[in-house]
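Take a look at the structure below.
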Amino acid sequence: MLSPIQEYVEQLHSRYASSMEGHVADYIPELSKADPRLFGICIATRDGHVYEVGDTRHPFTIQSISKALVYGLALEDRGEEHVLSRIGVEPSGEAFNAISLREGSGAPFNPMINAGAIATAGQILKKDGKSRIERVVEYLSGFAGRDLTINQSVYRSESETGHRNRAIGWLLRNFGILDEDPDETLETYFQQCSVEVTCRDLALMGATIANQGIQPLTRKRAIAAEYVDNVLGVMATCGMYDWSGEWIYRVGLPAKSGVGGGILAVLPGQLGIGIFSPPLDKQGNSDRGIKVCMDLSRELALHMMNPT
Ligand code: GLN
């Protein structure tokens with residue numbers, strides 16, 4: 001017999017299966033090749049139950065969702081005060097690629113916009129004979145519970161066209177937010193965005209955060225328990241670009257989206273949600289992903305501010 005949750009996610013999937021609003025990201029040439037019909041929904045609970053429907057095993061690039069998790073690694077490497085001295089935690093109300101830094105210090109507003117994420121990548125230590133990107137891929141793999149890899153064509157495409165991000169990198173260097181020339185940090189950032197995940201991985205990553213940092217299937221720790229609230233805090237306030245306020249108002253779950261069409265949402269202490277649908281709305285969030293999450297939150301009473 002189908003579990004009631006499995007039955008519910010299947011219904012939800014068919015409700016939106018033919019909805020095709022929004023546009024696949026095309027500012028990185030390789031991303032424009034995504035099939036707009038792809039659509040997956042996955043819920044993973046903190047004790048490792050997984051409910052999935054649709055294209056939940058189809059690989060796509062994690063993009064900006066990586067920003068939330070890599071922020072955890074920077075905190076582990078450098079500690080909260082050091083990271084806060086370089087990167088703020090205030091919502092910017094601006095687009096993800098805005099060239100905006102705080103007046104005076106030059107600190108990015110938060111780690112979820114590109115400026116903050118590039119600054120965060122610059123905080124990752126090279127350690128145990130491993131490069132930054134090796135450590136980042138390993139870290140992200142810990143949340144997914146399997147070995148993730150980089151999509152080299154997306155990485156190349158991203159690096160060939162990433163002039164705006166390079167400009168942001170040099171501004172950060174100018175303000176001393178980056179301690180060294182930004183080239184290597186930028187390549188780390190482009191590669192981190194090009195890590196391939198599935199919708200199922202996103203749900204399990206969310207479940208890992210919901211489970212105080214322990215991956216529910218491998219039972220291994222992915223993030224130090226003391227930084228879980230920091231990661232969830234920036235997701236809740238800044239995770240959905242310049243739609244973050246509306247998102248927390250309507251959906252009420254810490255979340256992070258990426259231009260590959262993924263959304264990762266977390267109900268702290270309970271479960272992770274992964275959505276995959278490439279067409280984006282004008283803020284750069286998965287259009288169908290937003291609709292699904294609004295329904296999910298309402299129909300399963302998941303809004304964090306109104307616990308049942
Ligand atoms: N790689 C992308 C960029 O920096 C990440 C953007 C995103 O998902 N919003 O342009």
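Since every read-out is calculated from the coordinates, none of them should be taken as a lab result. All values reported here derive from a predicted model rather than from experimental measurement. Note that each Cβ is placed from the backbone with ideal geometry, even for glycine, and that neighbours are counted across all protein chains shown.
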message: If I take all pairs of Cα atoms in region 65-193, what percentage of them are more than 19 Å from each other?
response: 45 percent
- prompt: By its C-alpha gyration tensor, with a ≥ b ≥ c as the square roots of the eigenvalues, how is the chain shaped: rounded for a/c under 1.5, else prolate for a/b larger than b/c, else oblate?
  reply: prolate
query: Hey, which of these cross-link pairs are over 22 Å Cα-Cα: LYS33/LYS126; LYS33/LYS130; LYS67/LYS282; LYS127/LYS220?
result: LYS33/LYS126; LYS33/LYS130
- request: Taking the dipole about the Cα centre of the chain, with the C-beta of Lys and Arg at +1 and of Asp and Glu at -1, give me whichever of ALA224, LEU171, VAL83 is farthest to the positive side.
  value: ALA224
query: Of the listed peptides 247-254, 151-158, 224-231, what is their order by residue-averaged count of other C-beta atoms within 10 Å, with the highest listed first?
result: 247-254, 151-158, 224-231
Anisotropy class of region 11-67 from Cα gyration tensor, a/c 1.5 cut: oblate
